1. May I ask you to say which residue of B:Leu59, B:Leu63, B:Leu47 is closer than 20 Å to A:Met133 by Cβ, in contact with an Asp or Glu (Cβ under 6 Å, 6 or more places away or on another chain) and either buried (at least 22 other Cβ atoms within 10 Å of the Cβ) or not polar (S, T, N, Q) (or both)?
2. Please enumerate the residues belonging to the stretch C:119-167 that are more than 9 Å from chain A (Cβ to nearest Cβ), in a helix (DSSP H, G or I) and surrounded by fewer than 20 Cβ atoms within 10 Å (Cβ to Cβ).
3. Can you tell me how many residues in the stretch C:314-369 are loosely packed, with under 14 Cβ neighbours inside 10 Å, within 28 Å of the chain's Cα centre (by Cα) and basic (Lys, Arg)?
4. Would it be correct to say that B:Ala81 is at the interface with another protein chain (Cβ under 7 Å from one of its Cβ atoms) and either in contact with a strand residue (DSSP E or B) (Cβ under 6 Å, 6 or more places away or on another chain) or assigned to a helix (DSSP H, G or I) (or both)?
5. Specify the residue that is surrounded by the most Cβ atoms within 10 Å (Cβ to Cβ); the eligible residues are those in the stretch A:121-150 that are modelled with pLDDT of 90 or more and β-branched (Val, Ile, Thr).
6. Going through the stretch B:1-30 one residue at a time, which ones are free of Cβ contacts under 8 Å to residues at least 12 places away in the same chain and out of contact with any Leu (no Cβ under 7 Å at 6 or more places or on another chain)?
Amino acid sequence: MIFAFYIISAIILGSAVLAVSHRNLIYCALSASVTFIGTAALFFLLKADFIGVVQILIYVGAVATLILFTIMLTKDIVSREYYVGQKRKWSYGILTAACVLGVLIASIRSQTNLPELVTADRQVSMVALGKEMLTSFLLPFEVISLLLTAALIGGIIISLEEKKKSS
Amino acid sequence: MSIPITHYLFVSAALFAIGLFGAITRRNAIIILIGIEIMMNAANINLIAFWRYSDGTRLTGQLFTFFGIAIAAAEVAVGLAIVIAVYRVYKSTNVNEVHDMKG
Amino acid sequence: MENVDQIFVNAKKAVIDLIDGFLPPQAVLVVSILISVGVIATVAPVIMMYLTWLERKVVGRIQNRIGPNRVGKFGLLQPIADGVKMLTKEDIVPEGADHLLHFLSPVLVVVPALLVMALLPWGRNMAAMDVEVGLLLFFAITSTGTLSIFVGAWGSRNKFSLLGGLRAVAQLISYEIPQVFSAIVVIMVTGTVSIVKIVEAQPGFNWFVFTPWGFTGLILFYIASVAECNRTPFDLPEAESEIVAGFHTEYSGMKFALFYMAEFLQVFSLSALAATLFLGGWQGMFLPSWAWFFLKTYSLIFIMLWFRGTFPRLRVDQLMGFAWKFLLPMSMINIIVAGIWTYAPPMIAWAAGIAIIVISYTVLTKLNIRFHIDRNRKFILVD
């Protein structure tokens, strides 16, 4: 069990680095899919089965497909930023990310009363999740449905081709 | 001999930093969106880790993550629609080249 | 009868007891998992090979000819000959193609098709993975197959392959929605997402197909599954008379064999899932449970092969229109019918269910046919 966590973490971090730094856009999108699958594996390890399944369904099944479709439609495969002299600007980005990482790690280490692992085996039934979602979390549920409808309509309208006005 | 929660939090923080690096440095709009998605994944790992290491009375962690995944999916859909619409006008997905207001 | 029913479970238990004394508990767990996985990984290619034989025989008979009958008695060794042919073919990679993507794509297509076989209950107590979210995991894993097809289409650096791949991905994501909605009906009525418990909720012979929502659900799920497997009448992306051969044009030899294998494995697993959800899985009398499972699955597979020999192919706009304008509203109405079924007394539930389904079917077909009639009339007037 312990090895599983370290292997999955290595896969997640390695593919995330590849996803944001590779020159070829398709490889970036596919490495991002590997990151999403690794995150889902981590959710299964943390005994959140339902969320792991939702992660695979939505991120790998829909978001990654959307990203690949957009890459294909915009035809900019070898990203045009790799001209001479532009690579050194990455040092600013690395510096910022390292500062943020340092702040996060320092704040994690300074916590004294983080919880320990209480129960070794906990399974949440989907019936309980559904009931909770429709009683305590009813307002976010309705708002999410409105949001998804708005995203659906907005996405279609934004990417609709303008009809040529001909007489 | 189980994994302390700090390991999960370190992984989440590192993933967040990598996503941040991608969103800041790259100039292709699609890779920026990928960076944003990676950052959201990091936040979800954090939420589920805290849910797991707490007592199991509340399901807030899981449901929060569920709504977060839904929001991220909606956002990436609209974001990619905008990228396609901008590409039609400027013929480029490089965010440095999109600098006029009139389309 | 109990012995024959549990023969595989008892065999595995005997092997585990044999090695239990020698190894620590974690190793015994790993060996137990390896036995299940090994059996499935051995059985799946054999199923796929004899499914190709069955297809050629059945389609041949429908077309009034005998299928393969030269290699072995009744052509039973034909799949082995096919396998040898595909293994010894030259592996051609186009010059400008992306070597990594070209190599990975057949593998990525086969992995989900093989992975979901561990979730199916092959008999009583014979599901290799008894996860609580089994059905959702099945749909999640099959939805990652769309990504692999896109990778394959892109990796061959051929505009026609790319077009075929885009059409295939559009078809797959369009038909996922009616497929999942038809399965939601079963989840609603049984209250659980685990496939093993869904089968146990259909004891004896009262399967879900004998209810109005179950019957409609089976037909909708089955049609959506036929489209998910890229079979005729929905095989526009990969048909032989279409754009060269769709997205797997540039793959030869073993890579093509892997694509082919993935398609047939998907045929088997989706038919098995339809049999499990609606036809009662391994439930039945007089025969052992795994025999019922294979009987039901192979009847549904036979219907799929029958479709191949009978129906012409749909055009791409007809394909998309069918999914979004007919199957999706029909499956939503099916959910309402199942809701009424759960909460109304039996007489009202049956009457209301059948009435709503018949009315909505006629309304939807009338709404959808009107456009075709208008188009035809326009042509006749112009003539």
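1. Only one candidate qualifies: B:Leu59.
2. C:Lys159, C:Phe160, C:Leu163
3. The total comes to 1.
4. Yes; evaluated as a whole, the condition is true for this residue.
5. Result: A:Ile144.
6. Result: B:Met1, B:Ile3, B:Pro4, B:His7, B:Phe10, B:Ile24, B:Thr25, B:Arg26.
Quick grid of which residues meet (1) modelled with pLDDT of 80 or more; (2) at the interface with another protein chain (Cβ under 8 Å from one of its Cβ atoms); (3) part of a helix (DSSP H, G or I):
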position	(1), (2), (3)
A:Leu68	yes, yes, yes
A:Arg88	no, no, yes
A:Leu95	yes, no, yes
A:Pro115	no, yes, no
A:Thr119	no, yes, no
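Residues are listed down the side, and each one gets a yes or a no for (1) touching a helix residue (DSSP H, G or I) at 6+ places or on another chain (Cβ under 7 Å); (2) assigned to a helix (DSSP H, G or I):
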position	(1), (2)
B:Leu9	yes, yes
B:Ile18	yes, yes
B:Arg58	no, no
B:Phe67	yes, yes
B:Ala73	yes, yes
B:Arg88	no, yes
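The values are calculated or read from the model by the stated rules, or taken from the named source; none is laboratory data. Nothing here was measured: the structure is a model prediction, and the numbers come from that model. Cβ: placed from backbone, ideal geometry, glycine included. Neighbour counts: every protein chain shown.
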